[in-house]
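The values are calculated or read from the model by the stated rules, or taken from the named source; none is laboratory data. In this text, all values refer to a predicted model and were calculated from it rather than measured experimentally. Here the Cβ positions follow ideal geometry from the backbone for every residue, glycine too, while neighbour counts run over all protein chains shown. Ligands, DNA and RNA are excluded from the accessible area calculation, which covers all protein heavy atoms including side chains. Shrake-Rupley method; radii C 1.70, N 1.55, O 1.52, S 1.80 Å.
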Amino acid sequence: MLLFPGFVVLLFYQASRPVHSTCTQLSHCACENKDGGIVNLTRIASTQTDKGAPFTSKVDVNGAVFYYNPCFSFTQPDPHQPGSKACTPDENVAVCQKNDDLLYNVGTQKSVRFSGSSGNNLKVTYASIDASQTTRISVVELKCDESVYPGTLASSGEKPKLQYNLVFTSKCCCPDACETAASSSSSGSNLSVGLILLIVFLVLLVVCFVGGVLYLKFVPEAKGTFWVTLPALIK
């Protein structure tokens, strides 16, 4: 009977274990962690698409500057390229790069993909393909810092070639810090596998106990069987 308490301990251990998994994408602006908590960037995104991106990086080691709007495409004005359509809503731009006085769309809103989870390397990846079929990728690490609002953008270099690595730091990168009504309407928090097993086990235990009592009551010849000796076995 030593296996019985051991099984119960295992179930409680599984139920209490933290769950680390990919943050499930809810939209191109939000994701939900498996163990609860929604990361939502909608509140800090700019809807004024003709005013340029709300977040701009400093010049990096390669002489590039990046512009970022996490939820809505935008137009990045450039006096050196009047009429340029490289970074405009028509191109569905999420991340724009300026290098050698030229603008490049380095990630579209529609291509966004979330990976990792809060506290475990949460990132959003964007991609774009230009007229010459050149693919550019922007990987934005979402860094949680409750003291930073609305946010800061920094470039950590181009590696490998045509992959631009950025770090976006904001309170809104923290779970539930900037949740909106739209994201909160999503499904409730998910139960861990261990907790589900524990619930099933307890239900089966109650069913077996009640079934045993009824069996003893309505089947006289059952007296002296397993159900009578069960209390002594548990001791």
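Beyond 19 Å in Cα-Cα separation lie the following of the pairs LYS123/LYS143; LYS51/LYS171; LYS98/LYS161; LYS98/LYS123: LYS51/LYS171; LYS98/LYS123. Amide hydrogen proximity for ALA94: with H placed 1.01 Å from N in the peptide plane, the residues at 5 or more positions away or on another chain lying under 5 Å are GLY107, THR108, GLN109.
Peptides 196-206, 167-177, 51-61 ordered by packing proxy, namely the average of other Cβ atoms within 10 Å per residue, highest first: 167-177, 51-61, 196-206. To the nearest 10, the accessible area of SER27 is 50 Å² with a 1.4 Å probe.
Once the Cβ-Cβ distance of VAL203 and ASP176 is raised to the sixth power relative to R0 = 25 Å, the FRET efficiency obtained is 0.20.
The calculated P(r) of segment 21-65, using every Cα pair and 10 Å bins from 0, goes 24, 31, 29, 16, 0 in percent. Note on LYS58: aspartates and glutamates with a C-alpha under 20 Å away, same-chain residues under 8 apart excluded, are ASP78, ASP100, ASP101, GLU141, ASP145, GLU158.
Note that segment 134-141 has calculated 3J(HN,Hα) couplings of 8, 9, 10, 10, 10, 10, 10, 7 Hz, one per residue in order, obtained from phi through the Karplus relation 6.51 cos²θ - 1.76 cosθ + 1.60 (θ = phi - 60°); glycine and proline are x. Between ALA45 and any residue 5 or more places off or on another chain, the built amide H atoms are never under 5 Å apart.
Annotation: amide H-H contacts under 5 Å for VAL148 (H modelled 1.01 Å from N, sequence separation of 5 or more, or interchain): LYS171. Expressed as a whole percent, the accessible surface of segment 31-141 that belongs to carbon and sulfur atoms is 46, based on a 1.4 Å probe.
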